[in-house]
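Novice: The structure follows.
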Amino acid sequence: MSALLAEIDQTITPTPTLWWLGQSGFIVRFATITFYIDPCLSAHPHRRVPAPLDPAEIRHADMILATHAGHLDAATLLPMLEKSKTAKLVLPKSSSDFAHAAGIPYARMTTTDSDLRVEYFKDNLYGRIYAVPSAHPQLDWSASGGYPYLGYLIRFGRWTIYHAGDCALYSGLADRLRPFNVNVALLPVGGKNFSVAEAAQLASDIGAGWVVPMHYGTFGKDGGEENDFIAHMLGHRPEQQFKVFKVGERWTVPED
């Protein structure tokens, strides 16, 4: 077992703890519950940063969340599901056929859509996952498939973590998020996603305690979003708490 996997297993904290896997990938752990979000740990010709974990060694995943079909990395998910025997893959219902064609059995999937909730129980603990639409770059929807791009609000007790997936700003997004009292907002910056200024404004509009940039610096050319984000926050949002991760880094959400 790698040192990082051992660290994850040994981490028991009263508030959620996160690790960044690069790009949009995160681990969220609360007590003994371990969720993976958008993991991409396979070999990739344009990968700039080595993957921090070998998916074939991951045996502790309780649930794996995929925000859309483009973040379904079969070379990561198949070995994870093989070793984490009871884990389910949470994904938009429109992505289920794509996932099945990649080799994931329907029985290992839990499909969801906007305004639906997935519940998870373990060791007398309770986690909830609410889905909200994401725009990429606009809101797509069909009667049969629902929204193909989702964000997830992961809630443990009074703690809520919002992972936006791939998302551009759209009218009404803040209104959807505000009732959940988001503690940590994981927001993609650059490309077709939020601009740095838009991410900062959204965090302010929903009253997020912390904002974390993601979806940069892992594949292809680094666009400098990390430095732009830090400069913007320090220069224009000094009151907003933020966290910029290094790949594989652990961070426990402060209790206050």
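Novice: Which one, 24, 67, 183, projects farthest toward the positive side of the charge dipole computed for the chain from Cβ point charges (K/R +1, D/E -1)?
Specialist: 67
Novice: What's the magnitude of the charge dipole for the chain around its Cα centre, counting Lys and Arg as +1 and Asp and Glu as -1 at the beta-carbon? Answer in Debye, nearest 20.
Specialist: Result for the chain is approximately 360 debye, rounded to the nearest 20.
Novice: Another question, then. Computed from the mean reciprocal separation of all distinct C-alpha pairs, what Kirkwood hydrodynamic radius does the chain have, in Å?
Specialist: 18.2 Å
Novice: If you line up the Cα atoms of region 149-256 on their principal axes, what length do they span on each, largest first, in Å?
Specialist: Here the Cα extents, ordered largest to smallest, are 38, 31, 26 Å.
Novice: Points 7 angstrom from Cα along the Cβ direction at residue 42 and residue 158: gap in nanometres?
Specialist: Here the answer is 4.3 nm between the modelled labels.
Novice: Rounded to the nearest 5, what is the percent of antiparallel bridges among the DSSP beta bridges in region 1-63?
Specialist: 90 percent
Novice: Related question: Which of the aspartates and glutamates could a cross-linker bridge to residue 192, judged by Cα under 14 Å and excluding same-chain residues fewer than eight apart?
Specialist: List returned: 166, 225.
Novice: Moving to a separate point now. Counting other beta carbons within 10 Å of each residue's own, what order do 115, 123 fall into, fewest first?
Specialist: Sorted ascending by nearby Cβ count, the order is 123, 115.
Novice: Restricting things to alpha carbons, tell me how big region 38-127 is in terms of Rg and Dmax, in Å.
Specialist: 13.4, 43
Novice: Among bridges DSSP assigns within the chain, what percent are antiparallel (round to 5)?
Specialist: So the antiparallel bridges amount to about 60 percent of the total.
Novice: Working out 0.36 nm times the residue gap between residue 97 and residue 119, then minus their Cα-Cα distance, what length gain in nm do you get to one decimal?
Specialist: 5.7 nm
Novice: Assign one of three labels to region 10-49, namely rounded, prolate or oblate, based on the Cα gyration tensor with a ≥ b ≥ c the square roots of its eigenvalues; rounded applies when a/c is under 1.5, prolate when it is not and a/b is larger than b/c, and oblate otherwise.
Specialist: prolate
Novice: GNM on the chain, C-alpha springs below 10 Å: top fluctuator among 179, 52, 148?
Specialist: Maximum among the listed residues: 179.
Novice: Now a separate question. Points 7 angstrom from Cα along the Cβ direction at residue 234 and residue 256: gap in nanometres?
Specialist: 2.3 nm
Novice: What lysines does residue 85 reach when the alpha-carbon gap must be under 26 Å and sequence neighbours fewer than 8 apart in one chain are set aside?
Specialist: In chain and number order, the partners are 93, 122.
Novice: Would you be so kind as to identify which of 213, 197, 120 lies farthest towards the positive end of the dipole of region 3-252, taking Lys and Arg as +1 and Asp and Glu as -1 on Cβ and the Cα centre as origin?
Specialist: Positive-most Cα among the choices belongs to 120.
Novice: Additional query: Return a whole-number percent for the relative contact order of the chain, with Cα pairs under 8 Å and 6 or more residues apart as the contact set.
Specialist: Dividing the mean separation by the residue count of the chain yields 18 percent.
Novice: Let me ask something additional. Once you have a ≥ b ≥ c as the square roots of the Cα gyration tensor eigenvalues for region 149-188, tell me rounded if a/c is under 1.5, and otherwise prolate or oblate according to whether a/b is larger than b/c.
Specialist: oblate
Novice: Go ahead and estimate [θ] at 222 nm for the chain from helices alone: -39,500 (n - 2.57) per DSSP H run with n ≥ 4, summed, over the residue count, rounded to 500.
Specialist: -5500 deg cm²/dmol
A short reminder: the numbers here are calculations on the coordinates, not readings from a lab. It should be emphasised that the depicted structure is a prediction, and the values quoted were computed from it without experimental measurement. Methodologically, a virtual Cβ is constructed for each residue, glycine included, from the backbone with ideal geometry; neighbour enumeration extends over all protein chains shown.
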